[in-house]
Amino acid sequence: MKLQTRRVLDRSFSGMGYFSVFLLSASLIIVLVPIFVRGIGAYIFKGTVEFRRLNYEKFNRGNKETIEKEMAAVQKFRKPVYDMLAAFEKQIDNEEILNSHEYVRDLEEVKELVRELLGPAPGEPEAVMMRDRYGRTRWDKARKTLFHILYMEKWDHSNADEMGKKVMAPRVDQFKGTSFEKFFPYMEENLENMLRPRLTFYWRFLIDASFDAHLFGGIGAEVLGTIYLVLGTMIFAIPMGVVAAVYLAEFSKETGKIVSLMRVFISTLAGVPSIVFGLFGLAFFINTVKVSNSKSVLAGSLTLALLVLPTIIRAAEEAIRTVPRTYKEAALSLGASKMRTVLTVILPAALPGILTGIVISMGRAAGETAPIIFTAAVSVGRPLNLIETLTQPTPALPWNIYNLVTEHEAVEQIRHVQFGMVFTLVLLVLLLNLAAIILRARISKKLRG
Amino acid sequence: MKMQETQPENQKLNINIDMSDIPRTAKSQTQSNADILENEDIQVFSRDFSVFYGSNEAIKKVSLRIPARKVTAIIGPSGCGKSTYLHAVNRMNDLIPGCHSQGKLVFDGEEIYGPYVDPVLLRKRVGMVFQKPNPFPKSIFDNIAYGPRLSGGKSKSELYGLVEKSLKDAVLWDEVKDRMNDNALGLSGGQQQRLCIARALAVEPEILLMDEPTSALDPRATASIEDLIGELRGKYTIIIVTHNMQQAARVSDYTAFFYEGHLIEFAPTDQLFTKPKEKKTEDYITGRFG
């Protein structure tokens, strides 16, 4: 081959390499940036006075006097709203205006939206559902509701050849010529005074239980459930995995038939789809062995442990094999038994590699959804205590992310929770990996001297 | 060859080798060194001792006696079986799959490859220093204390005393006494090797096996190790395998020459290097092969 051709080939090859690395990082950024930006919105947002009232009444957080003062202040601006509504309703009832019955339905709609925005009107009986007891707690959601008060969806069918078009028509047009006309500009101008948005850092989102199907509160139960599952998984997977790795690397005969068969099993285990692990966990741990009567954290942990076992075994075996043979020789020549050599010299020297495998598996266990569907996860639940994990199922981040997206009754209302959950999960896994890198670096440094 | 070490006085040499009591196969060059070692305690001896790697016979019917508290060097070209012989003495050969032995190898009245011998206990009595310095990635103190801790039951102060004594024996104490908690891998090559010797000494062995202990070191570090061997002479039985004939001449009392798995000649060092009895030995030490 000519020098020129070889050079061109070399260059195009490295060019392709750069390109794929670039593509990878670009897609990572495209995926992660929205998750981070919107996910942070679950923690840092403009909270309204309703949010502060909720926090006080539900969790007893905040100062009673300030909140009462604030409520009094906003009531001043809210009163005209209710007054206008009541006055117009009266006009309709008394048929003071032309075709008054035409306004009944439109007014009901507006009233419903106002209740959504500001919470129950003064003097209304206490609502059953929590969502009916408070107005909009987040300023961005409040702005959206205001938009729905000001504008209504209409379908424009004027062009018969085309499909109908959705247009947002000002609602004020419907009430043209009535006393209610001035209601809309008032709402638009005084929304801030009625809700008093203030930048809020709601870090308790991470630990608060959720209320009313995630419309209020945080994701504490899910985070705790995920932590339980990860820890439970590691309790089962680390001893099994490390012992198996030590056996494979140090004690087994390289050429043994049973050992090679075992290796085949381990590789196969690594390739089994995770949903199959879930079904296996249900069939074996819950239905056959009956570790618990129903789904439980325990059953889920056992299932996840099986899932991550091959990863841990492989990483640990690799790490043990890379420990210099001279360490082993030195220990044995000093009169250490084989077991002692493994425990005092080989495992400490292999620790960085073993840890890497463990942390990667932790990330995997935290994020896996399929194995816990049948064995551990429920959509709604409270935070468990340690003993309950043996018998009770738990909400968990990956499953609840899926669940909120697919099955929630008011997806639009809880978008911030979804993003908050995804953000938290990603952050959890990233932090785990970061911890692994730091730990690994520190231990390796110690080993190198 | 210039001898740097003076020979111990009890080495009144009797060169006439009487082979009548040694069973000999026709082809083997096996010799006994019984008469040479007339005035010595024998600590280790082998009779018709062979080691196989699978079907390959690495050392062939070697009969050798190793005197107590003397330095015995084993020399020979690569692949002559000298390391194999050394590794048999503390059964490090067990680590190699397919390695087995025949014949007798006796240490302190007990057959090393006997069925009831616990290699772990054996290795506590037979220390070893390897070709490349191999300290553990632990602190200097933990390295030395590793062996004593294995048997347990030692208090902190006892342990500390033992570590200090071992380091002093290995002529390393002054260099490391202020940094006992530093990682041993931070030491220089020569220091590391002396540390390994100190580590082996801390177990209080009777024999110290050295497998080319200076082949990975620079000349200065080599000199320090050789000085150390001089210090240890008389306290421990030392068997040293070396590629370097000058080194064997400098440090050892007795020298065994191995060639292709056979023991060719065993003699007091000055004699072997000045008046070798065998043609092969002479060829080797004059550099005609190897």
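Annotations for the structure displayed:
- Residue match in region B:187-209 (condition: open to solvent by 10 Å² or more (accessible area, probe 1.4 Å), closer than 25 Å to B:K124 by Cα and in a strand (DSSP E or B)): no
- Scanning region B:45-57 for residues that are surrounded by fewer than 22 Cβ atoms within 10 Å (Cβ to Cβ), touching a residue at least 12 places away in the same chain (Cβ under 8 Å) and not charged (D, E, K, R) gives B:F45, B:S50, B:F52, B:Y53, B:G54.
- Selection of helices (runs of 4 or more DSSP H) fully inside region B:79-160 by the criterion of at least 2 residues being open to solvent by less than 20 Å² (accessible area, probe 1.4 Å), farther than 29 Å from B:G189 by Cβ and within 8 Å of chain A (Cβ to nearest Cβ) returns nothing.
- Close pairs from region A:172-190: first more than 24 Å from A:W139 (Cβ to Cβ) and among the small types (G, A, S), partner open to solvent by 50 Å² or more (accessible area, probe 1.4 Å) and part of a helix (DSSP H, G or I), Cβ under 7 Å, at least 6 apart: A:S179/A:A87
- Any helices (runs of 4 or more DSSP H) falling wholly within region A:26-125 and containing at least 3 residues that are of a type in the set (A, V, I, L, M, F, W, C) and farther than 26 Å from A:R171 by Cα: A:49-59, A:64-93
- Apart from one condition, A:M152 fits all of (1) part of a strand (DSSP E or B); (2) modelled with pLDDT of 85 or more; (3) open to solvent by 30 Å² or more (accessible area, probe 1.4 Å); the exception is (3).
- Of the helices (runs of 4 or more DSSP H) lying entirely inside region A:283-372, the ones with 2 or more residues being within 11 Å of chain B (Cβ to nearest Cβ) and surrounded by fewer than 22 Cβ atoms within 10 Å (Cβ to Cβ) are found at A:325-333, A:338-341, A:347-367.
- Boolean, B:N39 is touching a residue at least 24 places away in the same chain (Cβ under 8 Å) and either over 25 Å from B:Y236 (Cα atoms) or surrounded by fewer than 17 Cβ atoms within 10 Å (Cβ to Cβ) (or both): yes
- Residue in region A:409-449 that is farthest from the other protein chains (Cβ to nearest Cβ), counting only those that are open to solvent by 40 Å² or more (accessible area, probe 1.4 Å) and not in a helix (DSSP H, G or I): A:E409
- From the list B:Y259, B:Y284, the one residue that fits, being open to solvent by less than 30 Å² (accessible area, probe 1.4 Å), under 23 Å from B:H87 (Cβ atoms) and of a type in the set (S, T, Y), is B:Y284.
- Selection count where residues are within 20 Å of A:G353 (Cα to Cα) and either hydroxyl-bearing (S, T, Y) or within 14 Å of chain B (Cβ to nearest Cβ) (or both), scope region A:219-248: 2
- Flag if A:E329 is within 30 Å of B:P213 (Cβ to Cβ) and without any contact (Cβ under 8 Å) to a residue 60 or more places away in the chain: yes
- Candidate set: region B:169-184, residues that are within 14 Å of chain A (Cβ to nearest Cβ) and buried (at least 17 other Cβ atoms within 10 Å of the Cβ); chosen: the one nearest to the chain's Cα centre (by Cα): B:A184
- Condition check for A:L199: farther than 20 Å from A:L107 by Cα, modelled with pLDDT of 90 or more and exposed (fewer than 11 other Cβ atoms within 10 Å of the Cβ): yes
- On the stretch given as region A:41-60, residues that are surrounded by 15 or more Cβ atoms within 10 Å (Cβ to Cβ) and either at positive phi or of a type in the set (V, I, T) (or both) total 2.
- Lone qualifier among A:E108, A:E96, A:E102 - being open to solvent by 60 Å² or more (accessible area, probe 1.4 Å), acidic (D, E) and within 30 Å of A:F211 (Cβ to Cβ): A:E108
- Flag for B:S166 being open to solvent by 20 Å² or more (accessible area, probe 1.4 Å) and more than 8 Å from chain A (Cβ to nearest Cβ): no
- Residue in region A:269-280 that is surrounded by 16 or more Cβ atoms within 10 Å (Cβ to Cβ), facing another protein chain (nearest Cβ under 10 Å) and either touching a strand residue (DSSP E or B) at 6+ places or on another chain (Cβ under 7 Å) or within 29 Å of A:P371 (Cβ to Cβ) (or both) present: no
The values are calculated or read from the model by the stated rules, or taken from the named source; none is laboratory data. All figures in this text were calculated on a predicted structure; none of them were measured in a lab. All Cβ positions, glycine included, derive from the backbone under ideal geometry; neighbour counts span all protein chains shown. Just the protein is used for accessible areas: all its heavy atoms, side chains included, with ligands, DNA and RNA removed. Shrake-Rupley method; radii C 1.70, N 1.55, O 1.52, S 1.80 Å.
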